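Student: I'd like to ask you about the structure that follows.
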C-alpha cells in the first residue's frame with residue numbers, strides 16, 4: 001500500500017491511502033530538492049551488495065568495519081544475503097536474537113501492536129510496560145527463591161512475600177547502565193547526607209554528599225559507549241579518543257579479591273561488574289570474587305551493580321548468570337537489554353527496594369523507553385526464556401558445543417587454540433594469534449562469527465538453535481581452524 005498527500009480542510013495536507021503505483025501528489029506540493037521519481041521507486045532490498053555497500057560508505061558514518069555482504073532476511077538460526085547465500089548465525093546480532101530470526105510469535109506481536117499503539121511516551125501508562133516489569137520481577141524471584149539480599153530483599157516485617165524491586169525501562173544496554181550509574185550517585189549522596197553509613201564508613205563523609213561518588217569497574221569490562229558507560233569501560237581503545245571522561249571512576253583487576261579492599265572504600269557509591277564478561281573475552285567471575293564484592297559493598301555502603309546485558313536472560317543456561325552463584329553474591333542493581341525483545345530496542349534496570357525508594361519523579365526519564373511495542377515483544381521473549389525446558393536446552397546445547405570443539409580441536413588445544421571458555425551458549429575460543437582469518441573462512445563457508453578481546457572468537461548463537469545446527473556450526477568452525485593453521489604453517 002502506498003500513501004498519497006491529499007489536501008484536507010483545516011490542514012494543509014494529510015496522508016491518505018492509494019493503490020499501488022507512483023506517488024499521487026494531489027495537494028500539488030513541490031517535490032523535495034533532489035527528488036527523483038525513479039529513485040523513490042527503487043527497491044532497496046533488491047539492490048546488489050556492491051550498490052548497498054557504496055551507499056553505506058557514502059551516507060553512513062564509518063564506525064564499523066563490515067564484511068562485503070548485505071543481509072536481507074533471516075529464519076530461525078539462519079540469515080540470508082541479497083545474493084541468496086545462507087549463513088548459520090552464531091552471532092545472533094551480538095547475543096540479541098535469543099529466539100532466532102523471524103520468530104512467528106515475535107512477528108505476530110509486532111504486527112498486531114503496530115496496528116494499535118507503538119508509542120505514547122512516558123506521560124501516560126500503556127498496557128505492556130507494567131506487565132513486562134511485573135514478569136521480570138516475578139520471574140527473577142521465582143528462578144532464585146533462595147535470594148534474600150539486594151534485588152531479592154523482601155519486606156522486613158514479613159507482610160509481603162514478593163520482591164520489592166522495581167524496573168526502569170530504557171532503549172539499550174548502554175542506557176540501562178547510564179541509569180544505574182545515576183541511581184548509584186544519588187544513593188551515595190543519600191548515604192553521605194543522612195549519615196546512614198556502612199559499617200566500615202567513617203564519620204568524615206557525613207554532611208558532604210559529593211565525597212561518596214566514586215565508582216569502581218574492572219579490567220576487561222564493557223558497559224557501553226556513551227560517556228558514563230564508557231568511563232567504566234576500561235579499554236583504552238574505546239576511551240582514549242574521548243577523554244577526559246567522567247571523574248571518580250577507578251579500575252581494579254577482574255577476579256582479584258586482593259584489590260577489592262584498596263579500591264572499594266568509604267568514598268565508593270557503586271561497583272559495576274559483569275558476572276560473565278562478553279566483549280572482554282568470555283571470562284567468568286570467581287565465586288569468591290563476587291562474594292567479596294558483595295561483602296565489601298555492604299561494609300562501606302556502596303551498591304553492587306551487575307551488568308547482565310550480554311550474559312543474562314538465559315544466555316548462561318540460567319535466567320540470570322548471577323543465579324549460578326551463591327545467594328550472598330546478589331546485586332543491588334541489575335541491568336539487562338540485548339535479548340529482551342529479540343532485536344526490538346529495549347533495555348531495563350532492576351533496582352532493589354533501597355534504591356527504588358530514593359528515585360523520585362523527574363530524577364530520570366526517557367522518551368521511548370517502555371514503549372508498548374518493545375514491551376509487548378518482551379513478554380513474548382520472557383515467556384520462552386523462563387520456561388524450564390528452554391533453559392535445559394540452552395545448557396544441553398552449550399555442552400554439545402563444548403564437547404564437539406574439544407574433541408575436534410584436541411590436537412590444537414594449548415597451541416593454536418589457547419583455551420575454550422564459557423557457560424551455556426556464551427562461549428569463547430581464544431587463539432594464540434588474531435582469529436580474523438578463521439572468522440573470514442567461516443563466513444565463506446556459511447557460518448557467521450563475532451570476535452572478542454584477547455584474540456577470542458565469541459560463540460553466541462540463538463538460544464533455541466537446534467542441536468543439529470550446533471553440531472553443524474562446530475564442524476564448520478573446526479574445519480576453518482584446521483585450514484587456517486595449515487595455511488599459516490605453509491607460509
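The values are calculated or read from the model by the stated rules, or taken from the named source; none is laboratory data. Quantities reported herein were computed from a predicted structural model and do not represent experimental measurements. A quick note on method: Cβ atoms are made from the backbone with ideal geometry, for glycine too, and the neighbour counts reach across all protein chains shown.
Student: Kindly indicate the residue of the range 159-177 that is surrounded by fewer than 24 Cβ atoms within 10 Å (Cβ to Cβ) and at pLDDT 95 or above and also farthest from residue 305 (Cα to Cα) among those meeting that condition.
Tutor: If we filter the range 159-177 for residues that are surrounded by fewer than 24 Cβ atoms within 10 Å (Cβ to Cβ), which is where we start, we get 159-164, 166-167, 171-172, 174.
From the residues that got through so far, the ones that are at pLDDT 95 or above too are 166-167, 171-172, 174.
On the way: 166: 14, 167: 14, 171: 19, 172: 16, 174: 14 Å.
That would be 171.
Student: Go through 454, 473 for me and flag whichever is surrounded by 24 or more Cβ atoms within 10 Å (Cβ to Cβ) and either part of a helix (DSSP H, G or I) or under 25 Å from the mean Cα position of the chain (by Cα) (or both). Break it down into steps so the answer makes sense when it comes.
Tutor: Numbers: 454 fails: surrounded by 24 or more Cβ atoms within 10 Å (Cβ to Cβ).
Being surrounded by 24 or more Cβ atoms within 10 Å (Cβ to Cβ) and either part of a helix (DSSP H, G or I) or under 25 Å from the mean Cα position of the chain (by Cα) (or both) holds for just one of 454, 473, which is 473.
Student: Let me ask another. Go through the residues of the range 394-409 one by one and say whether even a single one is under 19 Å from the mean Cα position of the chain (by Cα), buried (at least 19 other Cβ atoms within 10 Å of the Cβ) and touching a residue at least 12 places away in the same chain (Cβ under 8 Å). Reasoning before the result, please.
Tutor: We begin by selecting, within the range 394-409, every residue under 19 Å from the mean Cα position of the chain (by Cα); these are 394.
Applying the additional criterion that residues be buried (at least 19 other Cβ atoms within 10 Å of the Cβ) yields 394.
Filter once more, keeping what is touching a residue at least 12 places away in the same chain (Cβ under 8 Å): 394.
The answer is yes, given that some residue of the range 394-409 is under 19 Å from the mean Cα position of the chain (by Cα), buried (at least 19 other Cβ atoms within 10 Å of the Cβ) and touching a residue at least 12 places away in the same chain (Cβ under 8 Å).
Student: Taking the stated definitions as given, is residue 440 out of contact with any strand residue (DSSP E or B) (no Cβ under 9 Å at 6 or more places or on another chain), outside any helix (DSSP H, G or I), in contact (Cβ under 8 Å) with a residue 60 or more places away in the chain and at negative phi? Walk me through how you get there before you give the answer.
Tutor: Details: out of contact with any strand residue (DSSP E or B) (no Cβ under 9 Å at 6 or more places or on another chain): yes; outside any helix (DSSP H, G or I): no; in contact (Cβ under 8 Å) with a residue 60 or more places away in the chain: yes; at negative phi: yes.
Spelling it out, it is not the case that residue 440 is out of contact with any strand residue (DSSP E or B) (no Cβ under 9 Å at 6 or more places or on another chain), outside any helix (DSSP H, G or I), in contact (Cβ under 8 Å) with a residue 60 or more places away in the chain and at negative phi.
Student: Quick check on residue 350: is it in contact with a strand residue (DSSP E or B) (Cβ under 8 Å, 6 or more places away or on another chain), in a helix (DSSP H, G or I) and touching a residue at least 12 places away in the same chain (Cβ under 8 Å)? Spell out how you get there, then give the answer.
Tutor: Details: in contact with a strand residue (DSSP E or B) (Cβ under 8 Å, 6 or more places away or on another chain): yes; in a helix (DSSP H, G or I): no; touching a residue at least 12 places away in the same chain (Cβ under 8 Å): yes.
Here the answer is no, as residue 350 does not meet what is asked.
Student: Oh, and also: Which of the residues spanning the range 123-142 are out of contact with any helix residue (DSSP H, G or I) (no Cβ under 6 Å at 6 or more places or on another chain) and assigned to a loop (DSSP other than H, G, I, E, B)?
Tutor: 123, 124, 125, 127
Student: Do you know which of the residues in the range 354-369 that are touching a strand residue (DSSP E or B) at 6+ places or on another chain (Cβ under 8 Å) and within 23 Å of residue 150 (Cβ to Cβ) is surrounded by the fewest Cβ atoms within 10 Å (Cβ to Cβ)? Please lay out each step first, then the result.
Tutor: At the first step, the residues of the range 354-369 found to be touching a strand residue (DSSP E or B) at 6+ places or on another chain (Cβ under 8 Å) are 355-356, 359, 364, 366, 369.
Those left that are additionally within 23 Å of residue 150 (Cβ to Cβ): 355-356, 359, 364, 369.
Working: 355: 25, 356: 18, 359: 18, 364: 16, 369: 24.
My answer is 364.
Student: On to the next question. Any chance you could count how many residues in the range 476-491 are touching a helix residue (DSSP H, G or I) at 6+ places or on another chain (Cβ under 7 Å) and either assigned to a loop (DSSP other than H, G, I, E, B) or surrounded by fewer than 23 Cβ atoms within 10 Å (Cβ to Cβ) (or both)? Please lay out each step first, then the result.
Tutor: Applying the first criterion (touching a helix residue (DSSP H, G or I) at 6+ places or on another chain (Cβ under 7 Å)) to the range 476-491 yields 476-478, 480-481, 483-484.
Now narrow it down to the ones that are either assigned to a loop (DSSP other than H, G, I, E, B) or surrounded by fewer than 23 Cβ atoms within 10 Å (Cβ to Cβ) (or both): 476, 478, 483-484.
Of the residues in that region, 4 qualify.
Student: Hey, another quick one. Taking the conditions exactly as written (touching a strand residue (DSSP E or B) at 6+ places or on another chain (Cβ under 7 Å), under 24 Å from residue 339 (Cβ atoms) and surrounded by 23 or more Cβ atoms within 10 Å (Cβ to Cβ)), does residue 461 satisfy them or not?
Tutor: yes
Student: If you take the residues in the range 413-437 that are buried (at least 18 other Cβ atoms within 10 Å of the Cβ) and in a loop (DSSP other than H, G, I, E, B), which one is nearest to the chain's Cα centre (by Cα)?
Tutor: 425
Student: Being at negative phi, in contact with a strand residue (DSSP E or B) (Cβ under 6 Å, 6 or more places away or on another chain) and in a loop (DSSP other than H, G, I, E, B), is that true of even one residue in the range 290-301?
Tutor: no
Student: Here's a follow-up. Residue 149 fails exactly one of the following numbered conditions: (1) surrounded by fewer than 24 Cβ atoms within 10 Å (Cβ to Cβ); (2) modelled with pLDDT of 95 or more; (3) within 22 Å of residue 324 (Cα to Cα). What is the number of that condition?
Tutor: Condition not satisfied by residue 149: (2).
Student: Let me ask another. Which of the residues belonging to the range 109-131 are crowded, with 17+ Cβ neighbours inside 10 Å and out of contact with any strand residue (DSSP E or B) (no Cβ under 8 Å at 6 or more places or on another chain)? Can you show your working first?
Tutor: Pass one, the range 109-131, residues crowded, with 17+ Cβ neighbours inside 10 Å: 109-110, 113, 126, 128-129.
Once the filter is applied, which keeps residues that are crowded, with 17+ Cβ neighbours inside 10 Å and out of contact with any strand residue (DSSP E or B) (no Cβ under 8 Å at 6 or more places or on another chain), the range 109-131 yields 109, 110, 113, 126, 128.
Student: Residues to consider are 339, 331, 345; find the one that is in a loop (DSSP other than H, G, I, E, B) and surrounded by 24 or more Cβ atoms within 10 Å (Cβ to Cβ).
Tutor: Values: 339 fails: in a loop (DSSP other than H, G, I, E, B); 345 fails: surrounded by 24 or more Cβ atoms within 10 Å (Cβ to Cβ).
Result: 331 is the single residue among 339, 331, 345 that is in a loop (DSSP other than H, G, I, E, B) and surrounded by 24 or more Cβ atoms within 10 Å (Cβ to Cβ).
Student: Being on the phi < 0 side of the Ramachandran plot, assigned to a helix (DSSP H, G or I) and at pLDDT below 95 is the requirement here; does residue 229 meet it?
Tutor: Details: on the phi < 0 side of the Ramachandran plot: yes; assigned to a helix (DSSP H, G or I): yes; at pLDDT below 95: no.
Against the criterion (on the phi < 0 side of the Ramachandran plot, assigned to a helix (DSSP H, G or I) and at pLDDT below 95), residue 229 does not qualify.
Student: So, one more: Conditions first: (1) within 22 Å of residue 388 (Cβ to Cβ); (2) outside any helix (DSSP H, G or I); (3) touching a strand residue (DSSP E or B) at 6+ places or on another chain (Cβ under 6 Å). Residue 99 passes all but one, so which condition is the exception?
Tutor: Single failed check for residue 99: (3).
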